[in-house]
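So the structure is just underneath, and the comments pick up after that.
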Amino acid sequence: MLNEAAIAAFRASLRGDLIEAGDASYDAARKVYNAMIDRRPRLIACCADVADVMTAVNFGREHKLVLAIRGGGHNGGGLGVCYDGLVIDLSSINYVRVDPKKKTALVGGGALWRHVDHATHAFGLAVPSGIISTTGVAGLTLGGGIGYLTRRHGLTIDNLLAVEMVLADGRFVTASAKENADLFWAVRGGGGNFGVVTSFLFQAQPVHTVYGGPMLWPMEDAAEIMRWYRSFIAKAPNDVYGFFAFLAVPPGPPFPEHLYNRKMCGIVWCYTGPLKKAEKVFRPIRKFKAPALDMAGPIPHPVLQSLHDGVYPPGLQWYWKADYVRTLPDEAIALHLRYAAKLPSLHSTMHLYPINGAAGRVKNGATPWSYRDATWAEVIVGVDPDPANKEKVAAWAKEYWSALHPYSAGGAYINFMMEEGQQRIRATYGKNYDRLAKIKKRYDPANLFRVNQNIKPH
Ligand SMILES: Cc1cc2nc3c(=O)[nH]c(=O)nc-3n(C[C@H](O)[C@H](O)[C@H](O)COP(=O)(O)OP(=O)(O)OC[C@H]3O[C@@H](n4cnc5c(N)ncnc54)[C@H](O)[C@@H]3O)c2cc1C
């Protein structure tokens, strides 16, 4: 039974804090990135080290508590926090140790990508991640990891060498290609289903200053740009990355005043080839249709990574829906234009992230990530600062997604899903689902770790 004495003993055995409802820090500690999520856990264990994580897992299991694992707290569906149970918060375990000789980065299970970018950049290195630097390393990596370096260096999981983790029975293990290989396969896309990852060992890549940033065009040109982009990105060399977006221009510097609040389409670039060749690479793109705003140029990788952080601070209302996409026929483009014209707020957007190139060279069964043959991960994002608008932005995202879904590949990037149920999870893992379920049964037969896109043990 969970009584005061048990809680007091738990608190005494932790190096980090144990937070309960009523504590001054409770509301700040239970808050996650998406302000639509409002969950009140019974306890929050702010783990300081691996010993704390082991203690917390054992305590949660012995007291039959629902367990949530919090890395960066960025998950759209709020999977880093739970109702009533115990949150295992890793945010203090955020060290990054770079080995410049081996070009590796050892990263704590609660680090954010900005911590990694900061530490690796000093050595002229980067770990492939996403496009917003406040995202947690753990959740992003365990779900796959797509971003600016995907076409050049693969998904984040393709750069993962090993993890250390605490299993449901409290054991601390390493998983790598050599040790617990089944577990290592499962964590490269299977999410937080298999245990609490306390460290990630990544292969870093030689990336320092890239050529990147947004180019924007008026909505009137969007059909033409999209048609051009679909054939361009299918054949582009792997060192050219560009995600397509519908957006409204933020009303403030560095944007020119005449574009404030204007709905536009754009491509955000990241070229990782030799900088002296960049102008030549981008010349045909600029020539095809001169952008109304062209902000692409040489930029340090961590700056590109954090370019959108200011537009998307924590505390906004988020609702998003996603799909993998193989092709973009003209009919799909027409539907995109219809919903882009109705962007319901300044922060709402639609992104098509390329996942071909280096990521597409890996076989579907090599990791749980089952859509290596898709061209894009599409995400339709309804966002607004005002809670009064949350239904409006969610309705737009749902309607937009439903219209485009028939043109999708079936599943969706697990990290862009909210609560969508077992069928969607199965569709996303495809043939890899059964293998994941067997590994889940081996390492977490009672499904202790179920506050996630859950894989049922069988
Ligand atoms: C603004 C924004 C931008 C994003 N951009 C990208 C992007 O460019 N590319 C991309 O791939 N994704 C992106 N994402 C999606 C992101 O990958 C997911 O939201 C991811 O879940 C965030 O990880 P987190 O650690 O911050 O999340 P949390 O909310 O802390 O956790 C999410 C899930 O991961 C599990 N988890 C967390 N930490 C651990 C751990 N240490 N051990 C085991 N399980 C753990 C939890 O159980 C939970 O199920 C973005 C999300 C947002 C909100």
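The values are calculated or read from the model by the stated rules, or taken from the named source; none is laboratory data. What you see is a predicted model; the values in this text were computed from it and never measured. So basically every Cβ, Gly included, is an ideal-geometry build from the backbone, and we count neighbours across all protein chains shown. Only protein heavy atoms, including side chains, enter the accessible area calculation; ligands, DNA and RNA are left aside. Shrake-Rupley method; radii C 1.70, N 1.55, O 1.52, S 1.80 Å.
Tabulated results
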quantity: Sole residue being more than 17 Å from the chain's Cα centre (by Cα) and surrounded by fewer than 18 Cβ atoms within 10 Å (Cβ to Cβ), chosen from Ala278, Ala296, Ala340, Ala290; calculated: Ala290
quantity: Val107 surrounded by fewer than 24 Cβ atoms within 10 Å (Cβ to Cβ), assigned to a strand (DSSP E or B) and touching a Ser or Thr at 6+ places or on another chain (Cβ under 9 Å); calculated: no
quantity: All positions within region 1-20 that are in contact (Cβ under 8 Å) with a residue 24 or more places away in the chain and loosely packed, with under 11 Cβ neighbours inside 10 Å; calculated: Met1
quantity: Number of the exception - Thr198 against (1) more than 27 Å from Ile380 (Cβ to Cβ); (2) in contact with a Pro (Cβ under 6 Å, 6 or more places away or on another chain); calculated: (2)
quantity: Selection from region 67-103 of residues that are closer than 16 Å to Asp38 by Cα, over 23 Å from the mean Cα position of the chain (by Cα) and open to solvent by 10 Å² or more (accessible area, probe 1.4 Å); calculated: Asp84
quantity: Tally of residues being part of a strand (DSSP E or B) and out of contact with any helix residue (DSSP H, G or I) (no Cβ under 7 Å at 6 or more places or on another chain) across region 47-81; calculated: 2
quantity: Close pairs from region 218-230: first within 14 Å of Ala341 (Cβ to Cβ), partner among the β-branched types (Val, Ile, Thr), Cβ under 6 Å, at least 6 apart; calculated: Ala223/Ile333; Met226/Ile333
quantity: Residue satisfying all of: in region 153-175; of a type outside the set (A, V, I, L, M, F, W, C) and closer than 19 Å to Lys363 by Cβ; most open to solvent (accessible area, probe 1.4 Å) among these; calculated: Asp158
quantity: Any chance Lys441 is more than 16 Å from the ligand (Cβ to nearest atom), without any contact (Cβ under 8 Å) to a residue 40 or more places away in the chain, assigned to a helix (DSSP H, G or I) and surrounded by fewer than 19 Cβ atoms within 10 Å (Cβ to Cβ); calculated: yes
quantity: Flag if Trp401 is at pLDDT 95 or above, within 20 Å of the chain's Cα centre (by Cα), more than 15 Å from the ligand (Cβ to nearest atom) and part of a helix (DSSP H, G or I); calculated: yes
quantity: Wholly within region 268-354, helices (runs of 4 or more DSSP H) carrying at least 3 residues that are under 23 Å from Gly147 (Cβ atoms); calculated: 278-288, 301-305
quantity: Selected residue (criterion: surrounded by the most Cβ atoms within 10 Å (Cβ to Cβ)) from residues of region 420-438 that are on the phi < 0 side of the Ramachandran plot and within 16 Å of the ligand (Cβ to nearest atom); calculated: Thr428
quantity: Single match in Leu346, Leu352 (criterion: touching a strand residue (DSSP E or B) at 6+ places or on another chain (Cβ under 7 Å), among the aliphatic types (A, V, I, L, M) and open to solvent by less than 40 Å² (accessible area, probe 1.4 Å)); calculated: Leu352
quantity: Residue satisfying condition, being open to solvent by less than 10 Å² (accessible area, probe 1.4 Å) and either over 20 Å from His308 (Cα atoms) or assigned to a loop (DSSP other than H, G, I, E, B) (or both), within set Tyr241, Tyr229; calculated: Tyr229
quantity: Count of region 396-419 residues which are open to solvent by 40 Å² or more (accessible area, probe 1.4 Å) and in contact (Cβ under 8 Å) with a residue 12 or more places away in the chain; calculated: 5
quantity: Candidates Asp38, Asp23, filtered to the one that is open to solvent by 50 Å² or more (accessible area, probe 1.4 Å), assigned to a loop (DSSP other than H, G, I, E, B), within 23 Å of Gln453 (Cα to Cα) and more than 13 Å from the ligand (Cβ to nearest atom); calculated: Asp38
quantity: Members of region 355-379 found to be acidic (Asp, Glu) and surrounded by 18 or more Cβ atoms within 10 Å (Cβ to Cβ), listed by number; calculated: Glu378
quantity: Qualifying residue in region 89-98 (condition: within 12 Å of the ligand (Cβ to nearest atom) and free of Cβ contacts under 8 Å to residues at least 40 places away in the same chain); calculated: yes
quantity: Complete set of residues in region 181-221 that are within 15 Å of the ligand (Cβ to nearest atom), touching a strand residue (DSSP E or B) at 6+ places or on another chain (Cβ under 9 Å) and either open to solvent by 40 Å² or more (accessible area, probe 1.4 Å) or not in a strand (DSSP E or B) (or both); calculated: Leu183, Phe184, Ala186, Val187, Arg188, Gly192, Phe194, Gly195, Leu201
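A quick yes/no check of all residues on (1) near the ligand (Cβ under 8 Å from one of its atoms); (2) in contact with a strand residue (DSSP E or B) (Cβ under 7 Å, 6 or more places away or on another chain):
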| position | (1), (2) |
| --- | --- |
| His74 | yes, yes |
| Val87 | no, yes |
| Lys101 | no, no |
| Gly124 | no, no |
| Gly139 | yes, no |
| Gly144 | yes, no |
| Gly147 | yes, no |
| Thr150 | no, yes |
